[in-house]
Amino acid sequence: MASFPTFARRATKIISERVEELTSRPRADVNVEVHIGSPAAIIVEIAEEMEADLVVIGPTGAEETEGRLGSVARRVIQHSHGPVLLVRGGAQNDGPVLVATALSGPGMTGAHARPEQEDKSQ
């Protein structure tokens, strides 16, 4: 059985290669860390430490049922001190992004997040 440092190095290499493949960004632009513990607690803790403006997470893990909110996502949403964005699989990286709001209170936060972005509909 491999030690944790050996496992962490291998996992970091594999994840970095996959991120580079998916995003076309060099590995140096991506920070990959491997931790042991409760995934939700670690995600919330790191988001707080880095003062993340947004946490982006998938709705389910590999072991969970498609179409349902997984336990890690649910816990991150419940315990995060900032906004959490759930992203389902199948999205393309080059399409438009829809920001929907009820035009009231907290719902307006997303609408003001990128006001300088040009309107491509014209």
Inset, instruction - Check region 7-18 and report whether any residue there is loosely packed, with under 14 Cβ neighbours inside 10 Å, in contact with a helix residue (DSSP H, G or I) (Cβ under 8 Å, 6 or more places away or on another chain) and not in a loop (DSSP other than H, G, I, E, B). - result: yes
Inset, instruction - Identify the residue in region 65-105 that is under 16 Å from A41 (Cα atoms) and exposed (fewer than 12 other Cβ atoms within 10 Å of the Cβ) and, among all such residues, is modelled with the lowest pLDDT. - result: H81
Inset, instruction - For region 22-64, enumerate the residues that are surrounded by 14 or more Cβ atoms within 10 Å (Cβ to Cβ), of a type in the set (D, E) and assigned to a loop (DSSP other than H, G, I, E, B). - result: E64
Legend entry - Close pairs from region 9-21: first within 11 Å of N31 (Cβ to Cβ), partner assigned to a helix (DSSP H, G or I), Cβ under 6 Å, at least 6 apart: S16/R27
Inset, instruction - Residue by residue through region 69-85, note down the ones that are in contact with a strand residue (DSSP E or B) (Cβ under 6 Å, 6 or more places away or on another chain) and either outside any helix (DSSP H, G or I) or within 18 Å of G37 (Cβ to Cβ) (or both). - result: A73, V76, S80, V84, L85
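The values are calculated or read from the model by the stated rules, or taken from the named source; none is laboratory data. Everything numeric in this text was worked out from a predicted model, so none of it was measured. So basically every Cβ, Gly included, is an ideal-geometry build from the backbone, and we count neighbours across all protein chains shown.
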